[in-house]
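Read-outs: derived from the displayed coordinates by stated rules, not from any lab. For clarity, every value in this text was computed on a predicted model and none was experimentally measured. All Cβ positions, even for glycine, are placed from backbone atoms using ideal geometry, and neighbour counts span all protein chains on display.
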Amino acid sequence: MNKPSGFTSFDVIAKLRGILRIKRLGHSGTLDPMATGVLPVFVGNATKACDILPDNSKSYRAEFKFGLSTDTQDITGKTVKQYDKKVSHENILEILPQFMGDILQTPPMYSAVQINGKRLYDLARQGVEIERPEREIHIESIRLESFDEETQSGTFFIICSKGTYIRTVINDIGDSLGCGGIMTSLVRTCTSGFALDNCFTFEQVENAVKNNNIESLLLSIDSAFMLYPEIHLCEHQTKLYKNGVKLDLNRIKNIFPQNNIYRVYGYDSNFIGLAIAEHDKNILKVYKNLV
């Protein structure tokens, strides 16, 4: 789905349940309400895959403004500080290398992170701020696409790991520059191998249901696991595997020692699920059957 602004990720699921008249729906990669963009939605039996997607990179286009800080680190929050300092295009480019690679990030108080069983945003709404442990994230690249020195506003394009808070990246860049910074809009352009071109709006889904053509919008569940190599089982192996029997790696084609997880297809070429290869024991066992 191309999540619209103002919707939580759960709001998207709730609305789709009404459109599709299907209760068994799930999503991966939660987006903040103000954010838009790619939100993978899993339908029916595919919901078993929500929490096992490959941990690959995500990309975002984020608009920002320097000169102030808010309690939420974005434009929806309450202003807590304003700055007179203005920075240049060159100032930003000079500091960006500090925010690339493996870096430590402190999750914002307004986030769904749990500490001692409590969501940080619940504590933040009560006016409570607690110490949060830093977490390692990876920023593959961060590019300054535009910057207006007069308005101190611009756009970053960021490719990063799962668990990265883009508004915190902007906040931290602003702090390092001594001018503060907030995120003013966010679009997730890609996640789990799915891009905006793969996404649909509520209107498109509603029209597909109306025209009895919802299948045209659905992707096969194995498309979420294309990062893993595939293996095909013979008829006998397919029956054993579906019954949970561990298979001899020596009898399976296209097994590579450097890989541990595989997409598994039966003798009829239909996708079954994911398998784990234990090379030290020379066995292939079920990781998760998805169909």
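Put a plus charge on the Cβ of each Lys and Arg, a minus charge on the Cβ of each Asp and Glu, and nothing anywhere else: the dipole of the chain about its Cα centre is then about 1380 debye.
When the C-alpha to C-alpha distance is required to be over 25 Å, the pairs from Lys85/Lys162; Lys48/Lys246; Lys23/Lys246; Lys23/Lys285 that qualify are Lys85/Lys162; Lys23/Lys246; Lys23/Lys285. Taking 7 Å steps out from each Cα toward its Cβ at Arg251 and Asn213 produces label points 4.7 nm apart. Taking label points 7 Å from Cα along the Cα-to-Cβ direction, Glu278 and His89 give a separation of 5.9 nm. What lysines does Lys81 reach when the alpha-carbon gap must be under 23 Å and sequence neighbours fewer than 8 apart in one chain are set aside? Counting by Cα, and skipping residues close in sequence, Lys81 has these lysines nearby: Lys65. When the Cα positions of Ser153, Val187, Gly174 are compared along the charge dipole of segment 146-234, Val187 comes out farthest toward the positive end, with charges on each C-beta of Lys, Arg, Asp and Glu.
Rg and Dmax of segment 228-289, both derived from C-alpha coordinates alone, stand at 10.1, 29 Å. Placing a pseudo-label 7 Å from each Cα along the Cα-to-Cβ vector at Leu196 and His138 gives an inter-label distance of 2.5 nm. Once the chain from Lys78 to Asn289 is taken as fully extended at 0.36 nm per residue, the excess over their C-alpha distance is 71.3 nm. Each other residue within a Cβ distance under 14 Å of Leu186 adds +1 if Lys or Arg and -1 if Asp or Glu, for a net charge of +2.
Note on the chain: helix-only mean residue ellipticity at 222 nm, from DSSP H runs of 4+ residues weighted -39500 (n - 2.57) and normalised by residue number, equals -5000 deg cm²/dmol. Under 12 Å from a label point set 7 Å out along the Cα-to-Cβ vector of Tyr267, the amide N atoms of segment 217-261 belong to 233-241.
Placing unit charges on the Cβ atoms only, positive for Lys and Arg and negative for Asp and Glu, gives segment 228-289 a dipole magnitude near 140 debye about its Cα centre.
Which one is right for this structure if Kirkwood radius over Cα pairs in Å is calculated from it: [x] 20.1; [y] 21.6; [z] 19.5? Matching the structure shown: [y].
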